[in-house]
Amino acid sequence: MRMIRDTIAAQSTVSGEGGIAIVRISGPDSIRVTKDIFRTASGCDMDPRHLMYGRVVWKEEIIDEVMAVILPGPHTYTKEDMAEIQCHGSQVIVNRILSAVMECGVRMAEPGEFSYRAFINGRIDLAQAEGIMRLIHSSGERSRKSALRQMDGLVSKEIRIVQSMLADLAAGLAAFIDFPDEVDESETAEKISEKCLEIADRLEKECSEKKGRIEDEGVFVALCGKPNAGKSSILNTLIGQERAIVSEIPGTTRDIIRESVLMNGIRFNITDTAGLRDTDNPVEKIGVERAKQAIDTADLRILLVDSSEMPDQTVSEMLQEIRPDLVLISKKDIQDEDGSREIIRMIGDCPHIRISASSGEGIRQFREWLCEKVESDLSREAVFSQTRHIEAAKRAAKHLRNAASSVENEMPLDLVNIDLIAAMEELGQVTGENATEAVIDRVFSTFCVGK
Ligand SMILES: Nc1nc2c(ncn2[C@@H]2O[C@H](COP(=O)(O)OP(=O)(O)OP(=O)(O)O)[C@@H](O)[C@H]2O)c(=O)[nH]1
Ligand SMILES: [Mg+2]
């Protein structure tokens with residue numbers, strides 16, 4: 001556990017050049033130190049919670065013209081006394097201010113240390129702290145909203161509800177163990193086991209790893225097909241720039257090319273791959289292997305089939321092997337529906353869109369298809385979407401199922417109680433109530449410096 005009695009400081013804005021940069025200080029000495037290095041323009045004292053204009057002066061040298069504020073605790077981010085200095089956004093200035101602050105006895109904050117203090121001082125719990133980090137990393141509107149809900153305490157609230165249900169259950173069980181004559185044994189045992197299963201179901205229902213991953217990292221979409229099918233052209237059209245080389249030579253793309261586009265607040269990571277074919281060219285061979293890997297790991301597989309040539313055996317094999325979520329029948333501008341009939345017959349039940357990168361036909365439809373496809377995954381109302389929370393919730397559910405089966409098998413009730421307590425402890429891991437130091441450190445070590 002880190003020391004929290006000292007005063008820490010860090011740059012809270014990204015390092016490098018910018019309009020302004022913010023240096024943040026937290027701990028018992030923050031106000032004194034800020035007053036030591038800051039002179040208000042009017043010469044008056046600093047007024048708490050008022051942003052004041054003035055200069056940072058260190059050893060009689062003016063470092064910069066800044067705005068500064070002192071924030072007495074406990075109504076601050078860390079609940080400690082804090083201060084912020086907004087200086088011009090040069091790294092040289094930030095470094096000078098930080099070194100002046102250090103000379104006054106402050107130390108550099110570790111990554112996430114401000115949030116760690118907010119957690120230790122009881123302003124936020126662990127799940128909320130993780131919500132803050134998700135918010136900072138949010139990749140689109142969806143992830144922003146979900147992170148904000150987590151930061152506001154959605155995860156913590158669900159944990160508290162379930163914990164109180166478990167506490168009631170444990171109290172009932174204790175009464176039963178202590179005064180077995182006063183309750184109807186079979187009825188109580190049945191109720192306990194039912195309740196355990198009900199809570200386990202509730203926890204499992206609230207887990208959706210896929211939802212969280214899509215919100216935070218986006219959806220991985222692989223464009224695949226035979227060489228020259230038009231994959232790179234579709235990638236370029238979707239992202240609105242000539243990212244991948246397009247040529248009439250089959251086998252142009254060798255490497256994986258991945259670009260992200262935001263649609264409806266969702267990040268789509270579109271992957272263009274090498275055309276799939278048997279080849280003796282060693283470089284192309286590696287490309288084909290990489291393409292296969294990208295196809296395997298994608299959330300959505302889009303197979304492109306060139307409408308300007310008759311579909312052959314390879315196309316039918318690809319349909320079998322890849323099992324695409326959608327087929328794009330490409331080059332619509334040079335082939336009418338009649339000409340694509342054989343392809344449509346071969347595709348069977350798989351949805352398809354006729355598309356042209358040259359004329360833009362079908363592009364809007366393709367975008368809509370992508371959004372609708374993902375919408376259903378995201379519309380699931382799941383409380384737990386971060387791996388750490390999901391694992392804890394699932395472990396808690398497992399203990400509850402164990403408890404239920406112990407009751408059903410007429411095992412000693414003390415054993416049931418052990419599982420109930422274990423389930424409660426697992427849930428406490430999520431909010432941090434009884435998370436180990438190692439878990440807490442791991443969570444905060446992923447934070448940015450200055451947050
Ligand atoms: N008429 C027409 N030609 C297209 C269209 N899309 C692609 N092409 C042409 O088809 C050829 C191959 O296009 P690419 O986008 O490079 O195809 P690819 O699937 O990436 O090919 P590889 O990288 O070799 O696997 C190029 O000559 C493109 O100009 C289209 O919508 N209409
Ligand atoms: Mg290509």
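Where both bridge residues fall in the chain, DSSP classifies roughly 60% of the beta bridges as antiparallel.
Annotation: the antiparallel percentage among DSSP beta bridges lying fully within the stretch 208-339 is about 30. In this structure the amide hydrogen of ALA357, modeled in the peptide plane, comes within under 5 Å of the amide hydrogens of LYS331, LYS332, none closer than 5 places in sequence on its chain. For PHE220, the residues whose modelled amide H falls within less than 5 Å of its own, excluding neighbours fewer than 5 places apart on the same chain, are ASN269, ASP299, LEU300.
Annotation: aspartates and glutamates with alpha-carbon distance below 14 angstrom to LYS285 (same-chain offsets under eight excluded): ASP255. Straight-distance candidates among the lysines for linking to LYS292, with alpha-carbon spacing under 16 Å and chain neighbours fewer than 8 residues away dropped: LYS226, LYS231. Label ASP280 and ASP168 with points 7 Å out from Cα along Cα→Cβ: what is the distance between them in nm? Going from the ASP280 label point to the ASP168 one covers 7.5 nm. So, in Å, what gap is there between the alpha-carbon centers of the stretch 33-49 and the stretch 71-148? Each part's Cα centre sits 22 Å from the other's.
Helix hunt in the chain: which complete DSSP H runs extend at least 20 Å axially by C-alpha with mean Kyte-Doolittle at least 1.0? Membrane-span-like by this criterion, though nothing is claimed about a membrane: 154-178. Looking at the stretch 8-124, the DSSP beta bridges with both ends there are about 95 percent antiparallel.
Under 28 Å of direct C-alpha separation, and excluding same-chain neighbours fewer than eight residues apart, LYS59 reaches these lysines: LYS35. Annotation: the residues MET108, MET310, sorted from fewest to most other C-beta atoms within 10 Å of their own C-beta, follow the order MET310, MET108.
If you add up the charges near VAL66, with Lys and Arg at +1 and Asp and Glu at -1, over every other residue whose beta carbon is less than 15 angstrom from its beta carbon, what do you get? Taking every other residue near VAL66 into account, the sum is 0.
Net length available on complete extension from LYS210 to SER358 is 49.8 nm, with 0.36 nm assigned per residue and the Cα-Cα distance removed. Charging the Cβ of each Asp and Glu at -1 and of each Lys and Arg at +1, and nothing else, the dipole of the stretch 214-379 about its Cα centre rounds to 200 debye.
Taking 0.36 nm per residue of separation and subtracting the current Cα-Cα distance, fully stretching the chain between VAL439 and GLU198 would add 83.9 nm.
Its relative contact order, with pairs defined as Cα atoms under 8 Å and 6+ residues apart, puts the stretch 187-329 at 26 percent. Relative to the current alpha-carbon distance between PHE179 and LYS373, full extension at 0.36 nm per residue lengthens the span by 64.3 nm. When the helices of the chain are scored as -39500 (n - 2.57) per DSSP H run of n ≥ 4 and the total is divided over every residue, the value at 222 nm lands at -15500 deg cm²/dmol. In the structure shown, the pairs LYS79/LYS157; LYS205/LYS451; LYS398/LYS451; LYS191/LYS394; LYS195/LYS394 are assessed against 27 Å; a Cα-Cα span above that value is assigned to LYS205/LYS451; LYS398/LYS451.
Rounded to the nearest 20 debye, the dipole size of the chain about its Cα centre is 1700 debye, using +1 on the Cβ of Lys and Arg and -1 on the Cβ of Asp and Glu. Taken one residue at a time, the phi angles of the stretch 4-19 give Karplus couplings (6.51, -1.76, 1.60, θ = phi - 60°) of 10, 9, 8, 10, 10, 8, 6, 7, 8, 8, 5, 6, x, 8, x, x Hz. Gly and Pro are set to x. A Cβ-based charge dipole, computed about the Cα centre of the stretch 8-124 with Lys and Arg at +1 and Asp and Glu at -1, lands at about 240 debye.
Site pair LYS191 and GLU17 shows an inter-label distance of 7.2 nm when each label is modelled 7 Å from Cα along Cα→Cβ.
Each value in this text was obtained by applying a stated rule to the coordinates, not by laboratory testing. As the structure is a computational prediction, the values presented were derived from the model and not from experiment. Reconstructed Cβ throughout: ideal geometry from the backbone, glycine too, with neighbour counts over all protein chains shown.
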